[in-house]
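**Student:** Encoded as C-alpha cells, here's the structure I'll be asking about.
The values are calculated or read from the model by the stated rules, or taken from the named source; none is laboratory data. As the structure is a prediction and not an experimental result, all values here were calculated from the model. When we count neighbours, we look across all protein chains shown, and the Cβ atoms used for this are built from the backbone with ideal geometry, even at glycine.
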C-alpha cells in the first residue's frame, strides 16, 4: 500500500507471556519497552517476558521496618519490595519504592 508516494510498513509485533500465570499479550512498538500486568499468582503488578523466555519471576518480601510507609502489598497483605526475573543469562529487578505523601497546610 502506498500513501503519498511512501510505503506503509507494519510495526514489529512482540509477544509477551507471564511465567507464573497464563496471561499473554502482544505489543506493536518500535521503541524498547517492557510489559507489566496484575499477576493473580503473585498478587501484584509483575513484569511479563518475551514469549518463549525460560525464566523465573518471583516477588521479594520487604524485610525492613515499614512504619507508616505506603508500600506495595500482595494479595495476602505481605509488603513487597521488588520482583526479580531470573534467566540463565542474568537477572532483572523491578523495585517497588514506598509512595511519597505531601501534606499541604494553608
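**Student:** Out of the residues in region 80-89 that are surrounded by 12 or more Cβ atoms within 10 Å (Cβ to Cβ) and free of Cβ contacts under 8 Å to residues at least 40 places away in the same chain, state the one that is nearest to residue 34 (Cα to Cα).
**Tutor:** Per the criteria, the residue is 85.
**Student:** Pick from 47, 40, 19: which is more than 26 Å from residue 99 (Cα to Cα), under 14 Å from the mean Cα position of the chain (by Cα) and either modelled with pLDDT of 95 or more or surrounded by 11 or more Cβ atoms within 10 Å (Cβ to Cβ) (or both)?
**Tutor:** None of the others qualify; the one that does is 19.
**Student:** Related question: Quick one: in region 55-73, which of the residues that are surrounded by 10 or more Cβ atoms within 10 Å (Cβ to Cβ) and assigned to a loop (DSSP other than H, G, I, E, B) is nearest to the chain's Cα centre (by Cα)?
**Tutor:** Filtering region 55-73 for residues that are surrounded by 10 or more Cβ atoms within 10 Å (Cβ to Cβ) and assigned to a loop (DSSP other than H, G, I, E, B), the one nearest to the chain's Cα centre (by Cα) comes out as 72.
**Student:** Can I ask one more? Could you please let me know if residue 77 is on the phi > 0 side of the Ramachandran plot and surrounded by 15 or more Cβ atoms within 10 Å (Cβ to Cβ)?
**Tutor:** No.
**Student:** Sticking with this structure for a sec: I'd like the residue in region 90-106 that is out of contact with any strand residue (DSSP E or B) (no Cβ under 6 Å at 6 or more places or on another chain) and surrounded by fewer than 10 Cβ atoms within 10 Å (Cβ to Cβ) and, out of all such residues, is farthest from residue 53 (Cα to Cα).
**Tutor:** In this case the residue turns out to be 106.
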